1. Please enumerate the residues belonging to the range 63-78 that are surrounded by 12 or more Cβ atoms within 10 Å (Cβ to Cβ) and among the small types (Gly, Ala, Ser).
2. Tally up the residues in the range 157-182 that are part of a helix (DSSP H, G or I) and either at pLDDT 95 or above or within 20 Å of the chain's Cα centre (by Cα) (or both), please.
3. Which of the residues belonging to the range 1-33 are under 26 Å from the mean Cα position of the chain (by Cα), in a loop (DSSP other than H, G, I, E, B) and small (Gly, Ala, Ser)?
4. Restricting to strands (runs of 3 or more DSSP E) lying wholly in the range 38-154: which have 3 or more residues that are touching a residue at least 24 places away in the same chain (Cβ under 8 Å)?
5. Got a sec? Which of Ile121, Ile204 is within 27 Å of Tyr24 (Cβ to Cβ) and either of a type outside the set (S, T, N, Q) or modelled with pLDDT under 90 (or both)?
6. Looking at Phe178, Phe209, Phe132, Phe186 in this structure, which one is open to solvent by 70 Å² or more (accessible area, probe 1.4 Å) and in contact with a helix residue (DSSP H, G or I) (Cβ under 9 Å, 6 or more places away or on another chain)?
Amino acid sequence: MRVQLKDTVTLQTNLSLDQSYIVYEIESTASGNTYYRIENDAKQVVPYDAALFDVVSDKLYGEWTILNKSNQSSARVPGEFAYITFWEEFYNDDPRALRAFRQVKARFYLAELEAFEIKDILESNNEDGIYFVLNMLIRAKCDTFIYEVIQFAKTRLVEHTYSENDLLITAFEYLSLFKEEHIHAFLIGYLTNIELGNDELTKIVSNYFAS
């Protein structure tokens, strides 16, 4: 499910009019109000009054569960979040809750985002977004964005003078999943500049050609 801030709403802190947001919880209060828990522009996952938003997509992916809370409110959540203390644990950086959130976020992104939106992220300066999308594509073994990742890796190699970099390593790990002519050419090009390489990238490339 995705929502977007209404044009008629006064600008909200950490929310943008031109941005759509994935909903991770739909809460209904005893007084009849509804709240959407979303990840805002500051990367905070917090509830907002549903009246602020228009629904862009109303499809709920995967199994969702209704939880009844002690304050007479109820919440509809993905199955991975279906225990009362989930958000408390998430905000306290509990590894289990953080892992569950990342899994659900990746599933929702892959289901909800259009191809052009993923391309825009890969071509942006949003390092957190790029890292998340690359890992999402790796988990899904999605080969749709090979060209964009090659272009990203080429730019990154030049900008960082072949230094070891988490984003670059993740891009190489993604490319190493597929046997494709453009990937072969790119990785051979990397090997021709091996004196500029680093151990981690060279290991990924070596394993690619050895398999």
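1. Of the residues in the range 63-78, the ones surrounded by 12 or more Cβ atoms within 10 Å (Cβ to Cβ) are 64-65, 67, 69, 73-78.
Those that are surrounded by 12 or more Cβ atoms within 10 Å (Cβ to Cβ) and among the small types (Gly, Ala, Ser): Ser73, Ser74, Ala75.
2. Qualifying residue count for the region: 10.
3. Quick first cut of the range 1-33, residues under 26 Å from the mean Cα position of the chain (by Cα) only: 1-7, 11-27.
Those still in the list that are in a loop (DSSP other than H, G, I, E, B) too: 1, 6-7, 11-19.
Passing the criteria: only Ser16.
4. Numbers: elements: 45-49, 53-57, 64-68, 74-78.
Here the list reads 53-57, 74-78.
5. On the way: Ile204 fails: within 27 Å of Tyr24 (Cβ to Cβ).
Testing whether each residue is within 27 Å of Tyr24 (Cβ to Cβ) and either of a type outside the set (S, T, N, Q) or modelled with pLDDT under 90 (or both) leaves just Ile121.
6. Details: Phe178 fails: open to solvent by 70 Å² or more (accessible area, probe 1.4 Å); Phe132 fails: open to solvent by 70 Å² or more (accessible area, probe 1.4 Å); Phe186 fails: open to solvent by 70 Å² or more (accessible area, probe 1.4 Å).
Going through Phe178, Phe209, Phe132, Phe186 in turn, just one is open to solvent by 70 Å² or more (accessible area, probe 1.4 Å) and in contact with a helix residue (DSSP H, G or I) (Cβ under 9 Å, 6 or more places away or on another chain): Phe209.
The values are calculated or read from the model by the stated rules, or taken from the named source; none is laboratory data. All figures in this text were calculated on a predicted structure; none of them were measured in a lab. Cβ coordinates were reconstructed from backbone atoms using ideal geometry, including for glycine residues, and neighbour counts include every protein chain displayed. Ligands, DNA and RNA are stripped out before the accessible areas are found, and what is left, the full protein with its side chains, is counted by its heavy atoms. Shrake-Rupley method; radii C 1.70, N 1.55, O 1.52, S 1.80 Å.
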